[in-house]
Amino acid sequence: MVVARALGAARSAGTRGLLPVAGMVFSVFLFPKIAPVWVLHLLGGIGGFLNSITIHLLWELTNREWIAGVAFAGGYIRDALGEIETEREFTEAERDALEAFAADVRAMTAQGGPNVNSNAPVLAVGAGNTEQLAQIRARYRETVMSVPDYDEIYDDGFDRSFAAEFGEDLTVVVNGGARFTRPVQQLLLTQTSTSIADRERHLDALSVERDSVVSAGRQLEETDRLVERTDPRRLIHSSFEELLEYDRDIRGAMESYQQLLEERQHEIHVNNRHVQRRSKRTFLQEYLYRALDTPFPVITSTLGRLRTLGERRRAVVDSIARRY
């Protein structure tokens with residue numbers, strides 16, 4: 001594909017210039033006896049020149065590792081930011097749905113019952129009207145379980161979902177109880193507040209993660225030009241002083257990326273926590289980036305850039321050794 005594009009570019013850009021040369025070559029092959037020797041030498045020189053241009057063009061299109069390196073790093077960073085944004089939108093929708101559910105529960109009229117702080121069995125099933133409990137189940141489905149992509153994320157039914165938010169005891173009451181009492185109402189509102197706070201903490205963690213990924217991406221971008229300048233094919237035109245400068249810059253960049261790796265690993269371990277209700281994985285990143293090729297896109301991108309810089313430094317050192 002790349003070769004085809006290169007040849008197509010050569011045809012579109014240089015067709016008129018190549019036709020006279022092609023005609024001369026054609027005439028030499030057809031009439032070798034009448035072509036003077038100087039023409040053959042001229043054509044040989046032109047052919048070598050065109051061949052070198054073609055090789056250089058193909059090399060530029062196919063062998064520029066720095067382009068691959070930049071795309072490699074930028075791709076993971078870009079994808080990571082996309083996953084963070086998707087998770088942020090979903091979590092905000094969940095929080096808003098829980099707030100709407102709490103407002104509905106708060107507006108309902110509860111029957112009398114023991115105080116929630118007493119020793120009475122506040123969750124006991126008794127005789128009474130079950131209509132309000134049915135309304136609670138319906139409103140939970142219409143609010144929390146109707147969040148876009150909810151089924152795709154959780155893949156659970158009402159019982160599992162409600163129990164994850166409110167516990168097994170409240171789930172039994174809401175499913176099979178007969179009365180919606182004030183203690184039940186208070187417990188629902190209290191646990192809903194806890195669930196909303198969990199979402200807020202998750203949003204805070206996403207904000208910290210996003211800032212970290214953006215900062216790492218900017219740091220990786222800082223060496224794009226350095227990787228380009230130290231392309232092995234360009235080093236032959238560099239002076240001794242420039243080569244020494246390249247070596248110094250590359251070593252400095254590699255040291256900064258080593259520090260970035262250490263800081264990133266420290267962040268992951270310090271912020272190590274389970275993602276409530278979402279995953280059994282240990283790290284937030286393992287849940288957050290589960291759709292990517294790597295659960296640690298910043299570390300993977302940094303290692304890729306370190307590998308590219310290591311190759312560039314070897315090329316610089318080899319160029320110095322060969323010439324000096």
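Quick notes
- Those residues of region 228-245 which are in a helix (DSSP H, G or I) and either surrounded by 12 or more Cβ atoms within 10 Å (Cβ to Cβ) or of a type in the set (D, E, K, R) (or both), in sequence order: Glu228, Arg229, Pro232, Arg233, Arg234, Leu235, Glu241, Glu242, Leu243, Leu244, Glu245
- Ile250 modelled with pLDDT under 95, β-branched (Val, Ile, Thr) and part of a helix (DSSP H, G or I): no
- Any hit, region 129-145, residues being open to solvent by less than 30 Å² (accessible area, probe 1.4 Å), assigned to a loop (DSSP other than H, G, I, E, B), farther than 20 Å from Met108 by Cα and modelled with pLDDT of 95 or more: no
- The C-beta contact set for region 242-258 (first residue closer than 11 Å to Gly310 by Cβ, second residue open to solvent by 40 Å² or more (accessible area, probe 1.4 Å), distance under 9 angstrom, 6+ apart or interchain) comprises Ile250/Arg313; Arg251/Arg313; Ala253/Glu222; Met254/Arg313; Tyr257/Gln219; Tyr257/Leu303.
- The residue list Arg278, Arg313 contains one member that is touching a helix residue (DSSP H, G or I) at 6+ places or on another chain (Cβ under 6 Å), on the phi < 0 side of the Ramachandran plot and at pLDDT below 90, which is Arg278.
- If you go through region 157-168 and keep only what is open to solvent by 10 Å² or more (accessible area, probe 1.4 Å), acidic (Asp, Glu) and within 21 Å of Ala197 (Cα to Cα), you end up with just Glu168.
- Exactly one residue out of Val208, Val184, Val173 is surrounded by fewer than 20 Cβ atoms within 10 Å (Cβ to Cβ), in contact (Cβ under 8 Å) with a residue 40 or more places away in the chain and among the aliphatic types (A, V, I, L, M): that is Val208.
- Which numbered condition Ala178 misses (of (1) part of a helix (DSSP H, G or I); (2) over 30 Å from Val316 (Cβ atoms)): (1)
The values are calculated or read from the model by the stated rules, or taken from the named source; none is laboratory data. In this text, all values refer to a predicted model and were calculated from it rather than measured experimentally. Cβ coordinates were reconstructed from backbone atoms using ideal geometry, including for glycine residues, and neighbour counts include every protein chain displayed. Only protein heavy atoms, including side chains, enter the accessible area calculation; ligands, DNA and RNA are left aside. Shrake-Rupley method; radii C 1.70, N 1.55, O 1.52, S 1.80 Å.
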